[in-house]
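Participant: First, the structure itself, so that you have it in front of you.
The values are calculated or read from the model by the stated rules, or taken from the named source; none is laboratory data. Everything numeric here is computed off the predicted structure, so don't read it as measured data. Cβ placement follows ideal geometry from the backbone for every residue including glycine, while neighbour counts extend to all protein chains displayed. Heavy atoms of the whole protein, side chains included, go into the accessibility calculation; ligands, DNA and RNA do not. Shrake-Rupley method; radii C 1.70, N 1.55, O 1.52, S 1.80 Å.
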Amino acid sequence: MRLRLLLPLLLICQVLAAGPVAAQHTVIQQENVRYDYAQVLRVTPVYQTLTASRTEQRCEPVADAKKDSRISRAVVAIKDALRREDDKATNCKSVSVEREFRRPIAYDVDYVYKGAKFRSRLPEDPGNRLRIRIAITPAVPGAATP
């Protein structure tokens, strides 16, 4: 019987003890933010230079020792015309060829907003206008300012 009276009494004590904790409110400050447009002055692409190398076959026809006279050159020319392209004797070797190309990876953007000039690096070209985010936060005396 004591247990029956003790259990509700314990529950009431827990509810009363938890009351002040539940009554506390968390204040979330709403951020003072708005959006506007700035005038773009200049956009400068930032390039990445890449170098690609590959191996190519370079072939040159084998020089004939008989090509000294006009008649022998004419005979060789007729033989070459009758022969298939694959059958021609060639001197081939593998050569490494490097190619360099540039691609834009970002854009340095100069823009003006209410008379003040700014510069930002953006992933895309914004065009003539740039949408900007304006946040207002009060300066608290005694707080560390960056």
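Participant: Need one value: the accessible area of Arg119 in square angstrom, 1.4 angstrom probe, rounded to the nearest 10.
Facilitator: 150 Å²
Participant: Let me ask you something else. Would you please give the residues with an amide H less than 5 Å from that of Tyr113, counting only those at least 5 places away or on a separate chain, with H modeled from the backbone geometry?
Facilitator: Phe118
Participant: Expected output is a single nm value to one decimal: the length gained when fully extending between Arg129 and Arg58, i.e. 0.36 nm times separation in residues minus the C-alpha distance. What is it?
Facilitator: Between Arg129 and Arg58, full extension yields an extra 20.4 nm.
Participant: How are the Cα pair distances of region 104-146 distributed, in percent, across 5 Å bins from 0?
Facilitator: Histogram of Cα-Cα distances, whole percents per bin: 5, 15, 22, 17, 13, 13, 9, 5, 1, 0.
Participant: Efficiency by 1/(1 + (r/R0)^6): what FRET value for Ser69 and Ser94, r their Cβ-Cβ distance, R0 = 30 Å, to the nearest 0.05? Mind showing how you got there, number by number?
Facilitator: Details: r = 35 Å, r/R0 = 1.17.
So, using R0 = 30 Å, E works out to roughly 0.30.
Participant: Rank these residues by their accessible area, most exposed first, probe 1.4 Å: Ile132, Ile78.
Facilitator: On the way: Ile132 25, Ile78 105 Å².
Reading off the accessible areas and sorting them downward yields Ile78, Ile132.
Participant: Also, quick follow-up: Which whole-Hz couplings ³J(HN,Hα) result when phi for each residue of region 40-53 is put into the Karplus expression 6.51 cos²θ - 1.76 cosθ + 1.60, θ = phi - 60°, listed in order with x for Gly and Pro?
Facilitator: So the Karplus estimates, Gly and Pro as x, are 7, 8, 7, 10, 10, x, 10, 9, 10, 9, 10, 10, 10, 10 Hz.
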